[in-house]
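Here is the structure we will look at.
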Amino acid sequence: MLVEIRWHGRGGQGAVTAAELVAYASIIKGYYALAFPEFGAERRGAPVTAYNRLSDKVIYDRSPVLSPDIVVILDPTMVGRDVIHGLKKHGLVVANTAKKPRELAEILGPDYRVATVDATKIAMEVFRLPIVNTAMVSALVAASGIIDLDSLLQAVSARFSARLASLNEQVIRKAYELTEVM
């Protein structure tokens, strides 16, 4: 088993942290995992790409993920066909958008499975900031089942202070419930 994920976001939204949390939660589940970023200009708001490789075997490949099984889009302004380039047929798109999965599928085409959640709204309600990383990891968990909610919550507890972990747990549980999959 090898699952490759590509994350698209903007600086400050937490794409790199999201990939790291997925890797850590996967390791908790007993898998091998890598998380690594690719930056252009390192500034808030600049496009950021991060990658995951998850496997039941040791992973040596650290090259960019060009043909992912899953694409996660953290920024609603990035949703479109160009950002899913290389996505495998019947691959999964998990997007931060107020659109329903069917609406997004009309934009992306029929070859993909689609999951949506309004992660920005959830983050603003809880954090009062548009930091959507944990909401999007939760949406990925809800849509794909590649890791489970308990492993994600353990990874969040290990990564953040108790106060931030508690806020992130609220975001994660809410996003998990509100993720819609088509």
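State whether one or more residues within the range 150-171 are touching a Lys or Arg at 6+ places or on another chain (Cβ under 9 Å) and in contact (Cβ under 8 Å) with a residue 60 or more places away in the chain. So far as the range 150-171 goes, yes, one or more of its residues are touching a Lys or Arg at 6+ places or on another chain (Cβ under 9 Å) and in contact (Cβ under 8 Å) with a residue 60 or more places away in the chain.
Return a yes/no flag: does the range 131-147 have any residue that is more than 25 Å from Gly30 (Cβ to Cβ), part of a loop (DSSP other than H, G, I, E, B) and in contact (Cβ under 8 Å) with a residue 12 or more places away in the chain. Yes, the conditions are met somewhere in the range 131-147.
Filtering Arg102, Arg113 for residues that are surrounded by fewer than 21 Cβ atoms within 10 Å (Cβ to Cβ) and touching a strand residue (DSSP E or B) at 6+ places or on another chain (Cβ under 6 Å) leaves a single hit, Arg113. From the list Ala95, Ala119, the lone residue that is free of Cβ contacts under 8 Å to residues at least 24 places away in the same chain, touching a helix residue (DSSP H, G or I) at 6+ places or on another chain (Cβ under 7 Å) and buried (at least 24 other Cβ atoms within 10 Å of the Cβ) is Ala95. Residues of the range 142-182 that are β-branched (Val, Ile, Thr) and in contact with an Asp or Glu (Cβ under 7 Å, 6 or more places away or on another chain): Val156 alone. Of everything in the range 67-84 that's modelled with pLDDT under 95 and part of a loop (DSSP other than H, G, I, E, B), which residue is surrounded by the most Cβ atoms within 10 Å (Cβ to Cβ)? Only one residue tops the list, namely Val79.
The single residue among Ala15, Ala33, Ala23, Ala19 that is under 20 Å from Met78 (Cβ atoms) and out of contact with any His (no Cβ under 8 Å at 6 or more places or on another chain) turns out to be Ala19.
The values are calculated or read from the model by the stated rules, or taken from the named source; none is laboratory data. Everything numeric here is computed off the predicted structure, so don't read it as measured data. Neighbour counts are summed over all protein chains in view; Cβ atoms, including those assigned to glycine, are modelled from backbone coordinates with ideal geometry.
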